[in-house]
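Below: one structure, written as structure tokens.
The values are calculated or read from the model by the stated rules, or taken from the named source; none is laboratory data. None of these values were measured; they are calculated from a predicted model. Here the Cβ is made from the backbone with ideal geometry for all residues, glycine too, and neighbour counts use every protein chain on show.
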Amino acid sequence: MNRVVITGMGIYSCIGKNLDEVTQSLYNGRSGIVLDPDRKEFGYRSGLTGFLEKPDLKGTLDRRARIMLPEQGEYAYVATLEALKNAGISQDYINDHEIGILYGNDSSAKSVIETNDIIRDKKDTMLVGSGSVFQTMNSTVTMNLATIFKLRGINLTISAACASGSHSIGIGYQFIKAGLQDCIICGGAQEINKYSMGSFDALSAFSVLESEPEHASRPFDRDRDGLVPSGGGATVILESLDSAVKRGANILGEIVGYGFSSNGGHISNPTVDGPVRSLNMALKDSGLRSSEVDYINAHATSTPAGDLSEAKAIHEVFGSSRPLVSSTKSMTGHECWMAGASEVIYSMLMMQNGFVAPNINFENPDEESVKLNIAKKTVEKDIIVFLSNSFGFGGTNSSLIIKKP
């Protein structure tokens, strides 16, 4: 079995457009949440969202490539450019090696809606444009990036709700561990337009603390009232240790454990048992004891039921060792299909820079979060091992354990 390492990272997030900006935001506990008046006008119950500027790709990508990319594809492209540069992987290297892509994406709402609006209005499918079909498909990110970067390895989209990005890394880890690939681009992307989140808002799942957007996302806090939607793109480069050493790559971390499970119950209500099984599986795969985990980046989205069940699960598995815990969603909001990948990057940046980012807006614990060692403020900490949780609708759970090289 091959050892699997991370050799590159790239991020485009509401708390920063690159690794350096994101590191500063994490350390300073800076929120990227705003109130969007367009959402209120459109009919949203909550106008809260993470804010991202649209990347300017003119001069970087030709027009044909640009018209194929939906919004989340643009975020993923920018993040992947940074990750490849961070890994020291050039286009010449890609051309000479079989590199794959596994990326998390579970919607392309804006492209689908805009395409059907044109057909409904004009009564002519020929007016939607040649790029429409490639923007609307759920596999849009992987098909576009594989084409742009001329990738010749595995080419697959992972659709697993809010665990999509995490599962993409876990499955990439398994592919490389088994010797099927030497290098895979993994990650997650999430569109943030007003069309993408209306059905979530209809569930009354979003926070309505609109008077103070930066304080609306309150993971584990007793007064939390719902999540704040967000998005962007996050890419990590996974590589076999042999491949990384052979090309003299800078090894950023090693993936040592991947756990997964399905709750097998209600389509949206969380459980404790499912996450516990995912956590225990990741620990077993890593060969580590629970006491060896220094930090947990919790899934905790700021929903009443979800945070409560995760706190119970973390306490059940890690109650005796009480590692530091925080949810970076307190700053970023819930980045959905991207979150599992971005939160690995956020945790990697903490590991590289010797700190644990704060769980901002955590003022009053509830009956379960009081049992956890939650970082209310930035903590200077030498992280050797961290764990990242991601859970999604349908009861899909993913836990990743990563070790400092």
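Going by the conditions given, is I383 aliphatic (A, V, I, L, M) and in a loop (DSSP other than H, G, I, E, B)? Considered against the rule, which asks whether it is aliphatic (A, V, I, L, M) and in a loop (DSSP other than H, G, I, E, B), I383 comes out as yes. For the stretch 92-123, residues that are more than 24 Å from the chain's Cα centre (by Cα) and within 29 Å of F175 (Cβ to Cβ) total 7.
For the stretch 329-358, what are the residues that are more than 15 Å from L19 (Cα to Cα) and either among the β-branched types (V, I, T) or in the same structural domain as E74 (by TED's automatic domain parsing) (or both)? V356 - this is the single residue of the stretch 329-358 that is more than 15 Å from L19 (Cα to Cα) and either among the β-branched types (V, I, T) or in the same structural domain as E74 (by TED's automatic domain parsing) (or both). When I251, I237, I255, I184 are checked against the criterion of being in contact with a helix residue (DSSP H, G or I) (Cβ under 6 Å, 6 or more places away or on another chain) and surrounded by fewer than 20 Cβ atoms within 10 Å (Cβ to Cβ), I251 stands alone in meeting it. The condition (being of a type in the set (G, A, S) and closer than 21 Å to Q181 by Cβ) is satisfied by just one residue among S309, S240, S268: S240. For T125, the criteria (1) in contact with a helix residue (DSSP H, G or I) (Cβ under 6 Å, 6 or more places away or on another chain); (2) under 24 Å from L252 (Cβ atoms) hold in every case but one, which is (2). In the set D20, D96, D36, D56, only one residue is charged (D, E, K, R), buried (at least 17 other Cβ atoms within 10 Å of the Cβ) and in the same structural domain as A146 (by TED's automatic domain parsing); that residue is D36. Taken together, the criteria place I89 among residues that are buried (at least 16 other Cβ atoms within 10 Å of the Cβ), farther than 23 Å from A216 by Cβ and under 25 Å from the mean Cα position of the chain (by Cα).
For the stretch 26-37, how many residues meet the condition of being touching a Gly at 6+ places or on another chain (Cβ under 8 Å) and in contact (Cβ under 8 Å) with a residue 40 or more places away in the chain?
Qualifying residue count, the stretch 26-37: 5.
Within the stretch 164-203, the residues that satisfy the criterion of being of a type in the set (S, T, Y) and within 24 Å of A109 (Cβ to Cβ) are S164, S166, S168, Y195, S196, S199. Comparison of V272, V208 shows that the only residue that is of a type in the set (A, V, I, L, M), in contact (Cβ under 8 Å) with a residue 60 or more places away in the chain, touching a Lys or Arg at 6+ places or on another chain (Cβ under 9 Å) and over 30 Å from T136 (Cα atoms) is V208. Within the stretch 8-21, residues that are without any contact (Cβ under 8 Å) to a residue 60 or more places away in the chain reach partners that are buried (at least 23 other Cβ atoms within 10 Å of the Cβ) and in a loop (DSSP other than H, G, I, E, B) with beta carbons closer than 9 Å, at six or more positions or on different chains, in the pairs G16/G32; E21/I15. Kindly evaluate G170 against the criterion of being under 21 Å from the mean Cα position of the chain (by Cα), modelled with pLDDT of 95 or more, small (G, A, S) and under 17 Å from G32 (Cβ atoms). No; evaluated as a whole, the condition is false for this residue. Restricting attention to the stretch 119-142, the residues that are free of Cβ contacts under 8 Å to residues at least 40 places away in the same chain, within 30 Å of S90 (Cβ to Cβ) and not polar (S, T, N, Q) total 1. Count of the stretch 111-131 residues, restricted to those that are part of a helix (DSSP H, G or I) and either among the basic types (K, R) or buried (at least 19 other Cβ atoms within 10 Å of the Cβ) (or both), is 4.
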